[in-house]
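Reading through the structure tokens given below for one structure.
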Amino acid sequence: MVFDTPSKSLGNFKEVIDKNAFDGVDLSDVLMVSNHDFGKVLASTKAGTLKLDVDDKGLHFEAQLPKTTVADDTYENVKDGNISNMSFTFAVADDGDTFTKDDDGNVIRTIKQVKSLFDVSVVAIPAYDDANVQVNNG
């Protein structure tokens, strides 16, 4: 996830994640899944197979995938470039977002504070084009 970068249109607004939105958020029990399907778990911070880091640019991850059909298929699709994007599911803290209009009259939802992060997800169709995934052979 890249901070301060607008999403695609989410219906009647675009969304931006503030660079401080993850301040104080507990990231100790987050899943990595395929296409937001909690039946297709790829890694977990709780198990130590998913590592999440937040810096000034955004939220980054590194995952050790299991030897499962879903993980093998996901790995091959990412390696081959068939899937190259990520997404995430989160809850916004009370009063954690604002709605404004940009110079063109477009509504912008700014996420100022995330309450909980549930998953990071390898997806075919992302809301944020700059949220991506790649295979690291190192």
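The values are calculated or read from the model by the stated rules, or taken from the named source; none is laboratory data. Computed from a predicted model, the values in this text were never measured in an experiment. We place every Cβ from the backbone using ideal geometry, glycine too, and count neighbours over all the protein chains shown.
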Could you pull out the residue among Gly11, Gly48, Gly39 that is farther than 15 Å from Ala131 by Cα and modelled with pLDDT under 95? Gly11
Within region 54-83, can you find the residues that are within 27 Å of Asp23 (Cα to Cα) and crowded, with 16+ Cβ neighbours inside 10 Å? Val54, Gly58, Leu59, Phe61, Ala63
Residues (within 17 Å of the chain's Cα centre (by Cα) and part of a loop (DSSP other than H, G, I, E, B)) located in region 66-83: Ile83
Would you check if there is a residue in region 64-75 being out of contact with any helix residue (DSSP H, G or I) (no Cβ under 8 Å at 6 or more places or on another chain), at pLDDT 95 or above and of a type in the set (Asp, Glu)? yes
What pairs come up if the first residue lies in region 84-102 and is part of a strand (DSSP E or B), the second is charged (D, E, K, R), and their beta carbons are under 7 Å apart, counting only those six or more places apart or on different chains? Phe88/Asp119; Thr89/Asp119; Ala91/Lys115; Val92/Lys115; Asp97/Arg109; Asp97/Lys112; Thr98/Lys112; Phe99/Arg109
Restricting attention to region 103-119, which residues are closer than 15 Å to Thr5 by Cα and assigned to a strand (DSSP E or B)? Val107, Ile108, Arg109, Thr110, Ile111
Pairs with Cβ under 7 Å, 6+ apart, first in region 42-54 and touching a residue at least 12 places away in the same chain (Cβ under 8 Å), second among the acidic types (Asp, Glu) and surrounded by fewer than 17 Cβ atoms within 10 Å (Cβ to Cβ): Thr45/Asp29; Lys46/Asp29; Lys51/Glu62
If you take the residues in region 84-124 that are of a type in the set (Val, Ile, Thr) and closer than 18 Å to Leu42 by Cα, which one is surrounded by the fewest Cβ atoms within 10 Å (Cβ to Cβ)? Thr89
Name the residue that is farthest from the chain's Cα centre (by Cα), counting only residues in region 8-59 that are part of a strand (DSSP E or B) and among the β-branched types (Val, Ile, Thr). Val41
